[in-house]
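Novice: Take this structure first; my questions come after.
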Amino acid sequence: MTPLWFGAGMARPLRIEQPGGRYHVTARGNERKEVFRDDADRFRFLALLGELGERFGLRVHAYVLMDNHYHLLVDTPEANLSRAMQWLGASYTMGFNRRHNRVGHLFQGRFKAHIVEEDAGWQEAARYLHLNPVRVGRLGLGKRQRAASKAGAIAKPDAEIIAARLRILRQYRWSSYRGYAGYGAPLVWVWQEPLCRLCGGGTEAERRAALREHTEAAVRQGVVERPWDRLVAGLVL
């Protein structure tokens, strides 16, 4: 994965856009404030997300909506990621401001993106994205616990905390994971086949089972690393 661009306060590199590019995209609320205040906001964002294919030819492979940010995995048959994401952000902000009687920027600067060059990186990025709802301190997967786990200084989680993690992950409505894993119906515009194929298995049921195991094994083990932590000179090792 190579970085597409960085945040405020850093020099802006050239935007790397290419036909057939695969990207992990994320945007955070201005001052880390909420960008989704209720379910009506979330439904509206998903409706706009579903329009990206018809408007820009962009394919959404995975998504998760958190209170103050979102993550997407997308690919671009045309080299138009910036145009598509700018439309998404502007359209959602206009509706959000009108609905909540506010003005000004909603998101914190530009969206961020990484190019995902390898299939293994694509698979890992999807797992990281889908695990966002359980990456919190109360479930033993906050920043402090993840750092301790990487250093080998944390015990294996007990059965009760594992059950709580899996319950939240499987029931979280604002993620593409339920549709992938077979816990709910997928949205028709989520491009599932490439990721399911990478997880292995011959039949659709086998592929869903393989994806579930790949994702949920990390929850049981208590290891939820960020793929971007291993970026070296812009490459994933």
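The values are calculated or read from the model by the stated rules, or taken from the named source; none is laboratory data. Small disclaimer: the values here were computed from a predicted structure and weren't measured. Ideal geometry is used to build each Cβ from the backbone, glycine not excepted, and the neighbour counts take in all protein chains shown. Just the protein is used for accessible areas: all its heavy atoms, side chains included, with ligands, DNA and RNA removed. Shrake-Rupley method; radii C 1.70, N 1.55, O 1.52, S 1.80 Å.
Novice: Stretched out fully, how many nm does the piece from Ala205 to Glu160 gain, at 0.36 nm a residue minus the Cα gap?
Specialist: Details: separation 45, 0.36 × 45 = 16.20 nm, distance 2.79 nm.
Contour length minus the Cα-Cα distance gives 13.4 nm.
Novice: Using 0.36 nm per residue of separation minus the Cα-Cα distance, give me the extension gain between Arg55 and Arg173 in nm, one decimal. Don't jump to the answer; show the numbers that get you there.
Specialist: Numbers: separation 118, 0.36 × 118 = 42.48 nm, distance 2.54 nm.
Going from the current span to full extension adds 39.9 nm.
Novice: Once the other residues with Cβ under 14 Å from the Cβ of Glu31 are scored (Lys, Arg +1; Asp, Glu -1), what is the net sum? Don't jump to the answer; show the numbers that get you there.
Specialist: On the way: positive: Arg28, Arg32, Lys33, Arg102; negative: Glu34, Asp67.
Neighbourhood net charge equals +2.
Novice: Per residue, how much accessible surface does the range 32-137 expose to a 1.4 Å probe? Answer in Å², no decimals. Before the final figure, lay out each step's value.
Specialist: Working: 4500 Å² over 106 residues.
With all protein chains present, the range 32-137 gives 42 Å² per residue.
Novice: Using r as the Cβ-Cβ distance of His105 and Gln18, and R0 as 22 Å, what FRET efficiency do you calculate, to the nearest 0.05?
Specialist: Details: r = 28 Å, r/R0 = 1.29.
Efficiency for this residue pair is about 0.20.
Novice: Per residue of the range 105-116, what does 6.51 cos²θ - 1.76 cosθ + 1.60 with θ = phi - 60° give for ³J(HN,Hα)? Whole Hz please, x for Gly and Pro, Karplus curve as stated.
Specialist: Whole-Hz 3J(HN,Hα) from phi for the range 105-116: 5, 9, 9, 7, x, 5, 5, 10, 8, 10, 6, 10.
Novice: A further question follows. Rank by packing, highest mean first: peptides 56-63, 200-207, 80-87, with packing defined as the count of other Cβ atoms within 10 Å averaged across residues.
Specialist: Numbers: 56-63: 20.6, 200-207: 12.4, 80-87: 18.0.
Packing proxy ranking, top to bottom: 56-63, 80-87, 200-207.
Novice: Quick check: net charge around Val116, other residues with Cβ under 11 Å of its Cβ, Lys/Arg +1 and Asp/Glu -1? Please report the intermediate quantities before stating the final value.
Specialist: Details: positive: Arg22; negative: Asp75, Glu117, Glu118, Asp119, Glu124.
Residues near Val116 contribute -4 overall.
Novice: Within the set of other residues whose C-beta is less than 13 Å from the C-beta of Leu52, count the net charge using Lys and Arg as +1 and Asp and Glu as -1.
Specialist: Numbers: positive: Arg55, Arg59, Arg83; negative: Glu51, Glu54, Asp75, Glu78.
Net of charged neighbours comes to -1.
Novice: Still on this structure, please answer the following. Explain nothing, just the number: relative contact order of the range 16-101, from Cα pairs under 8 Å at least 6 residues apart, as a whole percent. The partial results should precede the final answer.
Specialist: Numbers: 113 pairs, mean separation 34.1, N = 86.
Result for the range 16-101 is 40 percent.
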